[in-house]
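The next block holds one structure in the form of structure tokens; read it before the comments.
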């Protein structure tokens, strides 16, 4: 590493220099602590006897040992100028002890050899491919009865998760953060080990194996990454050298709404740390994308537009995304952002932030609010479902029903639906058809696909036993079929960010609460019809050149828990009316129907 580049904020592989690395027959340790009085090291290799590290002129401390080996653990002991003695994990460490312990492991990142060359060579950002993401918290998808904590390791869970994703037609898995964190209840969003795969689920080599196996089975892998804040635990980054080295002072904006420390992205050393961590997961673990958390808190001070734009962090995001795109042109950078800040997904050279996708949280909130509303009141909220297409082409959107919508008293997706038990299933099937018919890539959190009513908890596995109940099992089969239709119909994913491939056929029928729209690509066309009212409606629409529709899926078919038998003849013909051919359908209440147009 060029030290001048480090202080200029342009380094993306600081982990190759800092941390613990083998050099010939020795292990070399390096840490950056310019504000410290002195730094010692101790570990399993020296009987936990403190030994002094050598400081250079810029505050980098170094220590060489011929006794240390891969698998040993160690800590840094930082003596501050205020006379404090604080034990720390290595900020650039590649593995840590299981909480509450926090020593760092000396890890050989070359231990695992990937076999995913074909995948890595051919992968792309999926702009014109189906992207159907299954969001997973690895510790609570399924629990291991043979582990006291209930966890499967990365290797053990790989085959089960891959088989499930393939059977249910998911194209990608997205994991809540797998970097080390002290509190299970933070779900990984409050990190102490930005370069350490959490030891809850095993080792770095085992995580590499999980990603590799996914790739060999045609499944992409995305990981949540937290570039904005970090845990306050004293052994981590907080006041690392006795000063506010990585964070803002509390008198400024040092503490976030989550009680964590906010990264100070105006410091070039901090920029190198965060962008190197992002690069680390893409480079060393072959992740196909990073979903970056809490970008609204990066754009605005405290996430509040009234407080103004944080120019330092916006500049950092642009530079980081530019560097990551250069190094990993086929990897996806995804922003979780709830603001209307412009050009989140525009290239940096066009004054954008350089992300590839943005979560459409506006669509999510409007849609769920609509489905909470009683059917006879929905005509007053009709345009909540048409509004999304008024701004859709301003960014490259992913439609998310994520973990955040299944916790903290918000109720799960199915529980949010208006009505009693049976009605909730009926509406939820229609909701998901609307989601999958709507332009935008898809993301669904685990448990949503089985109609789970219990809110997600990180210490319990999903309620798989509810699949013994007919409506839940039928709902799972329905979501599986919907996933299959989405991934197999080019009209539902190819060219979806081109406005010429979307057409409203009915978008102003407030009283009947009916919507009809067409998705097309080339010679492929899918027309979706929705009646979200509480009564049966007669729906008429012209479909241009098309004279015949084939019913692909009806959200109320009996086989998926509904009450409408599948027709023996799925075709519907248009009738001439003047110069146009008009389709007229009778649609049951709270129903979605997807057609292929001919």
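The values are calculated or read from the model by the stated rules, or taken from the named source; none is laboratory data. Predicted model, so just to flag it, every value in this text is computed and none were measured. Neighbour counts run over all protein chains shown; Cβ positions are idealised from the backbone, glycine included.
Among the numbered conditions (1) under 24 Å from residue 481 (Cα atoms); (2) under 33 Å from the mean Cα position of the chain (by Cα); (3) assigned to a strand (DSSP E or B), tell me where residue 550 comes up short.
The number of the failed condition is (2).
(1) within 30 Å of the chain's Cα centre (by Cα); (2) in a loop (DSSP other than H, G, I, E, B): which one isn't true of residue 535, the others all being true?
(1)
Output yes when any residue across the stretch 521-532 is crowded, with 22+ Cβ neighbours inside 10 Å and either part of a helix (DSSP H, G or I) or out of contact with any strand residue (DSSP E or B) (no Cβ under 7 Å at 6 or more places or on another chain) (or both), and no when none is.
yes
Scan the stretch 506-534 and report the pairs whose first residue is outside the structural domain of residue 550 (by TED's automatic domain parsing) and whose second residue is at pLDDT below 95 and surrounded by fewer than 21 Cβ atoms within 10 Å (Cβ to Cβ), with Cβ atoms within less than 8 Å and a gap of 6+ or a chain change.
Listed pairs, sorted by first residue: none to list.
Taking the stated definitions as given, is residue 59 closer than 19 Å to residue 245 by Cα and buried (at least 19 other Cβ atoms within 10 Å of the Cβ)? Talk me through it step by step, then tell me what you get.
Working: closer than 19 Å to residue 245 by Cα: yes; buried (at least 19 other Cβ atoms within 10 Å of the Cβ): no.
Answer is no for this residue.
Here are the criteria: (1) farther than 30 Å from residue 118 by Cα; (2) in contact (Cβ under 8 Å) with a residue 40 or more places away in the chain; (3) assigned to a loop (DSSP other than H, G, I, E, B). Tell me which single one residue 296 does not satisfy.
Single failed check for residue 296: (3).
Is it the case that some residue within the stretch 153-164 is at negative phi, assigned to a loop (DSSP other than H, G, I, E, B) and surrounded by 14 or more Cβ atoms within 10 Å (Cβ to Cβ)?
yes
Does residue 411 meet the test of being surrounded by 15 or more Cβ atoms within 10 Å (Cβ to Cβ) and in the same structural domain as residue 344 (by TED's automatic domain parsing)?
Taking the combined requirement at face value, the residue satisfies it.
Go through (1) more than 18 Å from residue 510 (Cα to Cα); (2) out of contact with any strand residue (DSSP E or B) (no Cβ under 7 Å at 6 or more places or on another chain); (3) part of a helix (DSSP H, G or I) and name the single condition residue 364 misses.
(2)
In a helix (DSSP H, G or I) and out of contact with any strand residue (DSSP E or B) (no Cβ under 6 Å at 6 or more places or on another chain) - does that describe any residue in the stretch 128-144?
Of all residues in the stretch 128-144, those in a helix (DSSP H, G or I) come to none.
The answer is no, given that none of the residues of the stretch 128-144 is in a helix (DSSP H, G or I) and out of contact with any strand residue (DSSP E or B) (no Cβ under 6 Å at 6 or more places or on another chain).
Residues 18, 29: which one is in contact with a helix residue (DSSP H, G or I) (Cβ under 9 Å, 6 or more places away or on another chain), surrounded by 15 or more Cβ atoms within 10 Å (Cβ to Cβ) and in contact (Cβ under 8 Å) with a residue 60 or more places away in the chain?
When all the criteria are applied, what remains is 18.
With the condition kept exactly as written, say whether any residue in the stretch 214-234 is without any contact (Cβ under 8 Å) to a residue 24 or more places away in the chain, assigned to a loop (DSSP other than H, G, I, E, B), in contact with a strand residue (DSSP E or B) (Cβ under 9 Å, 6 or more places away or on another chain) and farther than 30 Å from residue 130 by Cα.
No: the stretch 214-234 contains no residue that is without any contact (Cβ under 8 Å) to a residue 24 or more places away in the chain, assigned to a loop (DSSP other than H, G, I, E, B), in contact with a strand residue (DSSP E or B) (Cβ under 9 Å, 6 or more places away or on another chain) and farther than 30 Å from residue 130 by Cα.
What do you reckon, is residue 539 in contact with a helix residue (DSSP H, G or I) (Cβ under 7 Å, 6 or more places away or on another chain) and either on the phi > 0 side of the Ramachandran plot or not assigned by TED's automatic domain parsing to the domain that holds residue 483 (or both)?
Working: in contact with a helix residue (DSSP H, G or I) (Cβ under 7 Å, 6 or more places away or on another chain): no; either on the phi > 0 side of the Ramachandran plot or not assigned by TED's automatic domain parsing to the domain that holds residue 483 (or both): yes.
It is false that residue 539 is in contact with a helix residue (DSSP H, G or I) (Cβ under 7 Å, 6 or more places away or on another chain) and either on the phi > 0 side of the Ramachandran plot or not assigned by TED's automatic domain parsing to the domain that holds residue 483 (or both).
Looking at the stretch 165-176, which of the residues that are within 18 Å of the chain's Cα centre (by Cα) and free of Cβ contacts under 8 Å to residues at least 60 places away in the same chain is surrounded by the most Cβ atoms within 10 Å (Cβ to Cβ)?
Applying the filter and picking the extreme gives 173.
Between residues in the stretch 456-481 that are outside the structural domain of residue 407 (by TED's automatic domain parsing) and in contact (Cβ under 8 Å) with a residue 60 or more places away in the chain and residues that are buried (at least 18 other Cβ atoms within 10 Å of the Cβ) and part of a helix (DSSP H, G or I), which pairs lie under 8 Å by C-beta distance while being six or more apart or on different chains?
Final answer for the pair search is none.
Test residue 285 against the criterion of being crowded, with 20+ Cβ neighbours inside 10 Å, closer than 13 Å to residue 331 by Cα and in contact with a strand residue (DSSP E or B) (Cβ under 6 Å, 6 or more places away or on another chain), and give yes or no.
Numbers: crowded, with 20+ Cβ neighbours inside 10 Å: yes; closer than 13 Å to residue 331 by Cα: yes; in contact with a strand residue (DSSP E or B) (Cβ under 6 Å, 6 or more places away or on another chain): no.
Here the answer is no, as residue 285 does not meet what is asked.
Mind counting the residues in the stretch 384-440 that are touching a strand residue (DSSP E or B) at 6+ places or on another chain (Cβ under 6 Å), part of a loop (DSSP other than H, G, I, E, B) and within 24 Å of residue 558 (Cα to Cα)?
The total comes to 0.
Quickly run through the stretch 567-597 and pick out the residues that are at pLDDT 95 or above and in a loop (DSSP other than H, G, I, E, B).
588, 589, 590
Based on this model, can you work out whether residue 273 counts as buried (at least 23 other Cβ atoms within 10 Å of the Cβ) and in contact with a helix residue (DSSP H, G or I) (Cβ under 7 Å, 6 or more places away or on another chain)?
Here the answer is yes, as residue 273 does meet what is asked.
Here's a check for you: in the stretch 448-462, which residue that is out of contact with any helix residue (DSSP H, G or I) (no Cβ under 7 Å at 6 or more places or on another chain) and surrounded by fewer than 15 Cβ atoms within 10 Å (Cβ to Cβ) is farthest from residue 143 (Cα to Cα)?
The qualifying residue farthest from residue 143 (Cα to Cα) is 454.
Among the candidates 315, 330, which residue alone is within 20 Å of the chain's Cα centre (by Cα) and in the same structural domain as residue 206 (by TED's automatic domain parsing)?
Exactly one residue qualifies, and that residue is 330.
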